[in-house]
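Participant: Sharing a structure below in structure tokens format, with a few things to ask.
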Amino acid sequence: MNDKNEFKPKYVEFAEKLKEQILTGQWQVGEKLPTVSELISTTDYSQPTIQHAMQILVREGLVIRSRKSGTVVADWQSRGHIVPHNIYIRAPELELVKKHPYAWFVTDSITKGIISDNHGHRLKILTLNELISEFVRDDQPKAYFSLDGKLGKIGMFIKNFPYILNCRATSLFQTVNSVNYDAIISSYLTVMYLICELGHRDIAMVWGGVQKNYIDSLAGYRMALNVAKIPFRQELVFSSGGGGIEESGYQTAEDLLNSGKKFSAVFVDTDPKAVGVLQCFADKGIKVPEDVSVIGMDNVSGLSDIAGLTTLKKPFGEMGKTMLALLEKRIKNNYADVNSEMFYGTIIKRNTCAPLKSH
């Protein structure tokens, strides 16, 4: 999950270098930067690259350019910029990644969102033990992201610097200092798409079971049925026993088919399981979406799109960007609490759902 720069334009790369030098105090407010000619002679960048980089710094309020004075460092602190911090992000343990690859997808998506909007901060993605070791010896300004909505052992170390929590399940909602994903409403929207837009009423559900991050999905499913005045049928709800991988979806789809229950659509609470459901249906000669519609929740890059899966996109990248914005707001305001933000999913229409009349 490193921030790789090999695909960045040269002018963006050079602008970021100058930006870091300004924000870390290597160039002071009012100090004149080298001319374009001087930079050409002392760097590997061309004149167009340097000019484009300077334009970025001007737009961000970090420098002021004039023919008379040249390029001068602006009073950027009064323009809303903040001094870069050491920002820690807890990486999932290797054992967790192997057992729950979905957790890795969520963490990776949020972290990429943070990285994409980073403003010169020094991001450190570490395991729990590495984090504790860093906190003990780090005397620089610092901040912390919790991507699982918990502080745990880290709590005792973060009394003197700001943090932001990510709470993925609605049941873990925090009113301040957190970015939340409303899994109940997002699941509700997913099932309502099947009901209202496609006309399905016999909707089976494949879910992970009675864990916190899956319970909200079942609640949203039941809410949609209730609003549409469709009786809830327990016999159409099939648990994968907590598994979030393709094999779990495949096995649960077999259980669904073997039950002999009538259904025209299947709502699956994670995309890896949904792909497993699709594989099972294909092996059993069931055509999707001609015979049955299948919809998932996640939009996992490189999985959902390749499978052509209709799904609900969870906005984890956008949540990461918001986490950074809220953290910076806390830093600017002497670590004062900030109001939490709530996010919802959006339907991505692909090839696995069709109106009921086409069945």
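The values are calculated or read from the model by the stated rules, or taken from the named source; none is laboratory data. Keep in mind the model is a prediction, meaning the values are calculated, not measured. Cβ placement follows ideal geometry from the backbone for every residue including glycine, while neighbour counts extend to all protein chains displayed. Protein only, heavy atoms only, side chains kept; ligands, DNA and RNA dropped before computing areas. Shrake-Rupley method; radii C 1.70, N 1.55, O 1.52, S 1.80 Å.
Participant: Could you tell me whether any residue of the stretch 194-207 is within 21 Å of I348 (Cβ to Cβ), open to solvent by 10 Å² or more (accessible area, probe 1.4 Å), out of contact with any His (no Cβ under 8 Å at 6 or more places or on another chain) and among the β-branched types (V, I, T)? Before you say what the answer is, go through the steps one by one.
Facilitator: Narrowing the stretch 194-207 to residues within 21 Å of I348 (Cβ to Cβ): 194-200, 203-207.
Cutting the leftovers down to open to solvent by 10 Å² or more (accessible area, probe 1.4 Å) gives us 195-199, 207.
Next, only the ones that are out of contact with any His (no Cβ under 8 Å at 6 or more places or on another chain) stay: 195-199, 207.
Within this subset, residues satisfying the condition of being among the β-branched types (V, I, T) are 195.
Checked against the condition, which is being within 21 Å of I348 (Cβ to Cβ), open to solvent by 10 Å² or more (accessible area, probe 1.4 Å), out of contact with any His (no Cβ under 8 Å at 6 or more places or on another chain) and among the β-branched types (V, I, T), the stretch 194-207 yields at least one hit.
Participant: Residue under question is G308, and the condition is that it be touching a helix residue (DSSP H, G or I) at 6+ places or on another chain (Cβ under 6 Å) and touching a residue at least 24 places away in the same chain (Cβ under 8 Å); does it hold? Outline the logic, then answer.
Facilitator: Details: touching a helix residue (DSSP H, G or I) at 6+ places or on another chain (Cβ under 6 Å): no; touching a residue at least 24 places away in the same chain (Cβ under 8 Å): yes.
No; evaluated as a whole, the condition is false for this residue.
Participant: Restricting to the stretch 117-130, what's the tally of residues that are at pLDDT 85 or above and assigned to a helix (DSSP H, G or I)?
Facilitator: 1
Participant: Report, by residue number, each residue of the stretch 152-176 that is open to solvent by 50 Å² or more (accessible area, probe 1.4 Å), under 21 Å from P92 (Cβ atoms) and in a loop (DSSP other than H, G, I, E, B).
Facilitator: R168, Q174
Participant: List pairs: first in the stretch 219-241 and farther than 14 Å from Y193 by Cα, second assigned to a helix (DSSP H, G or I) and of a type in the set (V, I, T), Cβ under 6 Å, 6+ apart or cross-chain?
Facilitator: Filtered contacts from the stretch 219-241: A219/I184; F238/T252; S240/T252.
Participant: Still on this model: Tell me which residues, restricted to the stretch 56-74, are open to solvent by 80 Å² or more (accessible area, probe 1.4 Å) and in contact with a helix residue (DSSP H, G or I) (Cβ under 8 Å, 6 or more places away or on another chain).
Facilitator: Taking the stretch 56-74 first, the residues open to solvent by 80 Å² or more (accessible area, probe 1.4 Å) are 59, 64-65, 67-68.
Scanning the stretch 56-74 gives I64, R65.
Participant: Could you pull out every one of the strands (runs of 3 or more DSSP E) wholly within the stretch 237-340 that has 1 or more residues that are open to solvent by 10 Å² or more (accessible area, probe 1.4 Å)?
Facilitator: Details: elements: 237-239, 265-268, 293-298, 310-313.
Hits in the stretch 237-340: 237-239, 310-313.
Participant: Could you look through the stretch 302-349, keep only residues that are among the basic types (K, R) and closer than 22 Å to V277 by Cβ, and pick out the one that is farthest from the chain's Cα centre (by Cα)?
Facilitator: So in the stretch 302-349, the residues among the basic types (K, R) come out as 313-314, 321, 329-330, 332, 349.
Subsequent filtering for residues that are closer than 22 Å to V277 by Cβ retains 313-314, 349.
On the way: K313: 10, K314: 7, K349: 20 Å.
This residue is K349.
Participant: Quickly run through the stretch 194-222 and pick out the residues that are in a helix (DSSP H, G or I) and over 26 Å from A103 (Cα atoms). Walk me through it before giving the result.
Facilitator: Here is the first cut: in the stretch 194-222, the residues in a helix (DSSP H, G or I) are 194-197, 212-222.
Within the stretch 194-222, L194, I195, C196, E197 meet the criteria.
Participant: Same structure, new question: Residues F135, F105: which one is of a type in the set (F, W, Y), at pLDDT below 85 and buried (at least 20 other Cβ atoms within 10 Å of the Cβ)? Quick ask: steps written out before the conclusion?
Facilitator: On the way: F135 fails: buried (at least 20 other Cβ atoms within 10 Å of the Cβ).
Checking each option against the conditions leaves just F105.
Participant: Of all residues in the stretch 82-101 being open to solvent by 40 Å² or more (accessible area, probe 1.4 Å) and either within 15 Å of G25 (Cβ to Cβ) or part of a helix (DSSP H, G or I) (or both), which is modelled with the highest pLDDT? Before the answer, list the steps.
Facilitator: Residues of the stretch 82-101 that are open to solvent by 40 Å² or more (accessible area, probe 1.4 Å), as a first pass: 83, 90, 93-96, 98-101.
If we keep only those that are either within 15 Å of G25 (Cβ to Cβ) or part of a helix (DSSP H, G or I) (or both) too, we end up with 83, 94-96, 98-99, 101.
Values: V83: 71, L94: 66, E95: 64, L96: 63, K98: 61, K99: 63, P101: 65.
Going through the qualifying residues, I end up with V83.
Participant: Kindly provide the set of residues from the stretch 16-34 that are part of a helix (DSSP H, G or I) and either within 10 Å of V63 (Cβ to Cβ) or of a type in the set (D, E, K, R) (or both), ordered by number.
Facilitator: Here is the first cut: in the stretch 16-34, the ones part of a helix (DSSP H, G or I) are 16-23.
Passing the criteria: E16, K17, L18, K19, E20, I22.
Participant: Another question, then. Assess whether L39 counts as being out of contact with any strand residue (DSSP E or B) (no Cβ under 6 Å at 6 or more places or on another chain), modelled with pLDDT under 90 and open to solvent by less than 60 Å² (accessible area, probe 1.4 Å). Full working, then the answer.
Facilitator: Numbers: out of contact with any strand residue (DSSP E or B) (no Cβ under 6 Å at 6 or more places or on another chain): yes; modelled with pLDDT under 90: no; open to solvent by less than 60 Å² (accessible area, probe 1.4 Å): yes.
Answer is no for this residue.
Participant: Restricting the first residue to the stretch 142-171 and requiring it to be more than 22 Å from H121 (Cα to Cα) and among the polar types (S, T, N, Q), which pairs with a second residue that is open to solvent by 60 Å² or more (accessible area, probe 1.4 Å) and at pLDDT 80 or above meet a Cβ separation below 8 Å and a spacing of at least six or different chains?
Facilitator: Sorted first by the residue in the stretch 142-171, then by its partner, the pairs are S171/I215.
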